[in-house]
Amino acid sequence: MRKAAAPQWELLEHAVPRDLFRAEVEAWARRIGVRPREVRIRALKRKWASCSSRGCLTFDEALLRQPAAFRREVIVHELLHLKVPNHGRLFKVLLKAYLQMQ
């Protein structure tokens, strides 16, 4: 996902520690039925996250300071790429369905 401009200030209640973020990713992976090879958290310049063809997910560390709903959207988006490698109709339908589940 392309990164939008970060807000000038961040609400403290939106921040989560790395281990909690990883737990969110693992929970969604189980729900979607995928198993990423590796989950990385590091500084990214232009994207919130990426998914490699080998199944490695990388998330921008700034995502840990974003609202839970936005984090969920990015997590589900990247995990779905382990099932559907493009942004076609099937990907969009699955993304919408999973995000409505919460």
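The values are calculated or read from the model by the stated rules, or taken from the named source; none is laboratory data. Predicted model only: the values in this text are computed from it and were never measured. When we count neighbours, we look across all protein chains shown, and the Cβ atoms used for this are built from the backbone with ideal geometry, even at glycine.
Where the second residue is in a loop (DSSP other than H, G, I, E, B) and the first is under 14 Å from W48 (Cβ atoms) and lies in region 73-102, which pairs have Cβ atoms under 6 Å and are six or more apart or on separate chains?
V74/M1; V74/W48; H77/M1; L79/V34
Residues being exposed (fewer than 14 other Cβ atoms within 10 Å of the Cβ), modelled with pLDDT of 95 or more and touching a Phe, Trp or Tyr at 6+ places or on another chain (Cβ under 9 Å): count how many of those fall in region 1-29.
0
One line per residue, one yes/no per condition, for (1) assigned to a helix (DSSP H, G or I); (2) surrounded by 11 or more Cβ atoms within 10 Å (Cβ to Cβ); (3) touching a strand residue (DSSP E or B) at 6+ places or on another chain (Cβ under 7 Å):
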| residue | (1), (2), (3) |
| --- | --- |
| E73 | yes, yes, no |
| E78 | yes, yes, yes |
| L82 | no, yes, yes |
| P85 | no, yes, no |
| L94 | yes, yes, no |
| Q100 | yes, no, no |
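Tally time: how many residues in region 43-63 are over 10 Å from the mean Cα position of the chain (by Cα) and surrounded by 16 or more Cβ atoms within 10 Å (Cβ to Cβ)? Step through it out loud before you land on a result.
Keep residues of region 43-63 that are over 10 Å from the mean Cα position of the chain (by Cα), which gives 43-47, 52-56, 61-62.
Those still in the list that are surrounded by 16 or more Cβ atoms within 10 Å (Cβ to Cβ) too: 44.
Final tally of qualifying residues: 1.
For region 26-37, state whether one or more residues are over 25 Å from K96 (Cβ atoms) and either out of contact with any Cys (no Cβ under 7 Å at 6 or more places or on another chain) or not in a strand (DSSP E or B) (or both).
Scanning region 26-37 turns up at least one residue that is over 25 Å from K96 (Cβ atoms) and either out of contact with any Cys (no Cβ under 7 Å at 6 or more places or on another chain) or not in a strand (DSSP E or B) (or both).
Quick check on region 30-50. Is at least one of its residues at pLDDT 95 or above and among the polar types (S, T, N, Q)?
Yes, that holds for at least one residue.
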